[in-house]
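Reviewing the structure listed below.
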Amino acid sequence: MSLKHIEELNKKRMKSKKRIVTGILILIIGIIALLLLSVSINIVASQDTKIENQLQDIDKQVSNLKDSIFSKNRAVAFKYGRGEKNELFIFTDPECQACENLEEIEGERLEAHKVNVMLFPINSHVRSKPIIQWILRANTDNGRHKRYKLALAGNEEWKKDINITSFEYTLYAEVLNMNLSDNLLTKEKKIELLSAKRRFFNNEKEYQGLKEYFKEVKEKFKEQGAKGTPTIIGKYKRKTAKELLQEEWEKSMDDFNTKMKDK
């Protein structure tokens, strides 16, 4: 074998080794790249998870805030008035004679304010709760205001809508307060209550909603230190929300009381 031939063989071996080394290096680089990509994906996924959790926390906080804002106003059944003067909150009962007198004598003056009406059923007025149920079945403030005024005036249109007889007001109250897990209730009584519930209420949503409304308005009534109906609370500029019947409203109530004495 000649020297030239040996040199060519050595060159071929060197090229082959270079190819092998280059292949190994490419393979190593590829493995490292895959590892880095995997780590990067995990980091991004981790960051996405953290961001998603943060967004969920924010959504939860916003939801709680909405619930909090909503609960503060849930006792307000409807609003009316032009709102040109003060904002008023009125606890009233559709079966209350004094509330009817207030509406009759001071209705126009009330319209100049922004009036928030809270329907508070006096315990001795057994028809108040089904009447309030009828008022709340209206879908708009205007519709509820109209029904409220009809009820105050003694109109019994509500009887066509609420399936209750004159002898069932006590049963109606029992249905609103029933606890079917009460061991003292007989099977027959439970059947009676559930049957009455199906007649008195359109569905479970209305039943639970009315229970929650009465609970909320009762809490607000107690919170404001109200003693009866009508109770009017004024929210005035530069004054606190709990200042009762101040300035112009005090004068209007003096006029109202004078007119009542003359009646």
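Just so you know, all these numbers are worked out from the coordinates, no wet-lab data involved. The shown structure was predicted, so the numbers you read here are calculated from the model rather than taken from an experiment. Note that we place each Cβ from the backbone using ideal geometry, even for glycine, and neighbour counts take in every protein chain shown.
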Tell me the chymotrypsin sites (Phe, Trp or Tyr not before Pro) within region 77-139 that lie in a loop according to DSSP and have at most 12 other beta-carbon atoms within 10 Å.
-> none
Which net charge results for the neighbourhood of His125, defined as the other residues with beta-carbon distances under 10 angstrom from its beta-carbon, given Lys and Arg at +1 and Asp and Glu at -1?
-> 0
Phi-derived 3J(HN,Hα) across region 104-113 with the Karplus relation (6.51, -1.76, 1.60, θ = phi - 60°), rounded Hz, x for Gly and Pro, is 5, 8, 10, x, 5, 5, 4, 4, 6, 10
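My understanding is that a pair violates if its Cα-Cα distance is over 31 Å; which of Lys160/Lys222; Lys79/Lys222; Lys159/Lys215 do that in this structure? Please list the in-between numbers first.
Details: Lys160/Lys222 33 Å; Lys79/Lys222 21 Å; Lys159/Lys215 24 Å.
Long pairs (Cα-Cα over 31 Å): Lys160/Lys222.
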Along region 205-217, Karplus-curve 3J(HN,Hα) (6.51, -1.76, 1.60; θ = phi - 60°) to the nearest Hz, with x for Gly and Pro, reads 4, 5, 4, 5, x, 5, 4, 5, 5, 5, 5, 5, 5
Under the Karplus curve 6.51 cos²θ - 1.76 cosθ + 1.60, θ = phi - 60°, whole-Hz ³J(HN,Hα) for region 145-162, x wherever Gly or Pro sits = 5, 4, 5, 4, 5, 4, 5, 4, 7, x, 5, 10, 4, 4, 5, 6, 9, 9
